[in-house]
Amino acid sequence: MIAGQLSESTEMYLKAMAELGEGEVVSISRLAERLSVTSVSANEMVRRLSEQGLVSHLPYKGVNLTSKGRDVACNVVRRQRLWECFLYNHLKLEWAQLYELACSLEHATAPEVTDALAVFLGNPKTCPHGNPIPDADGCLPELNSNPLSTVPVGDTVRVVSVRATSTEVLRHLQKLSLLPGREVTLLEAAPMDGPLMLKVGDREAALGLLMAEFVFVEPIS
C-alpha cells in the first residue's frame, strides 16, 4: 500500500495494534490508553477500520488485525524502526527520544525512500530498542523473550528489547542502563506488586513492576 493513501491516524491505530500484540485480540480500552484517546474515539475509529477491512472487531473482546491491516501495520513499523536506526547510528540522537522522533517521519516516507533507507543502513534486523524490523515483504519475526517482570529472583538475564513508546519511560530505563544487550540480575521482588531490586552492571537499582513489563529479556545460557 502506497504511503499517503491512508491517514496518519489510521496508520497510528494499526501500528499500535501490531505493537501491542501481533495476532492477539487487543481491547478497545487498551488501544485507547496506548494512543491517549478516549474509548469513544477509539470505538469510532475501530468501526471505520472494520469497514475498510483492516481490522476485525469481536464484540465484548476487542479488535484484531486482518491480513490486509497487518500488511499496512508492518509497513509502518518498518519505516518507524528504520528511521530509528538512522537517527541513532548516523545523527547520534538520544536513545530515549528515537521512538517519538521517528514517529514524525514514518508517515511521510514513500516506499522508494523506505527501500533506499534500508539499503543505506545495511538492512538491519532490529532497531536500537532491540525490536525486530519487518522485511520488505512484511514479515515481522517474533523474539523469543519474556518481560523482566516474570523473571524468578536470583536469575541473571540479558535484555533483548525495550517495547516502551513514551520518551519519559524510555529515558528512565536509559538512566538505569536497562538497554539491549545488558545483563541484569533480579535480587529481590517486593510483595504486593512492589518494585524489583536489580543489579545492572556494578550498580543496584529499583524498578516498578509495571515498568519492568516493557523490558524483554532472555536467559543467559
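List of remarks:
- Dipole of region 140-220, positive end: most advanced residue of ALA206, SER177, ASN146 [Cβ charges, Cα centre]: SER177
- A full extension of the chain between GLU204 and ARG48 corresponds to an added length of 51.3 nm, given 0.36 nm per residue minus the alpha carbon distance.
- Cut-off 19 Å (backbone N to label point 7 Å along Cα→Cβ of SER67), residues of region 117-154: 135-141
- Here the alpha carbons of region 8-69 define both size measures, Rg and Dmax, at 9.9, 27 Å.
- Isotropic mean projected area of the C-alpha convex hull, region 146-219 (nm²): 4.2 nm²
- Taking only the C-alpha atoms of region 22-136, the Rg (one decimal) and the largest Cα-Cα distance, Dmax (whole number), read 15.7, 46 Å.
- For region 121-188 and region 6-48, distance of Cα centres in Å: 23 Å
- Among the listed values (i) 21.1, 74; (ii) 18.1, 54; (iii) 19.9, 63, the one computed from these coordinates for Rg and Dmax of the Cα atoms in Å is (ii).
- Proximal lysines relative to LYS15, as straight alpha-carbon distance under 22 Å, when same-chain residues fewer than 8 apart are discounted: LYS61, LYS68, LYS125
- Point-charge dipole on Cβ atoms (K/R +1, D/E -1) for the chain, about Cα centre, debye to 20: 100 debye
- Residue exposure sequence - LYS92, LYS68 - by fewest surrounding Cβ within 10 Å: LYS92, LYS68
Taken together, the values in this text are just the output of simple stated rules run on the coordinates, not laboratory data. These numbers come from a predicted model, not from an experiment. Positions of Cβ are generated from backbone atoms using ideal geometry, with glycine treated the same way; all protein chains shown enter the neighbour counts.
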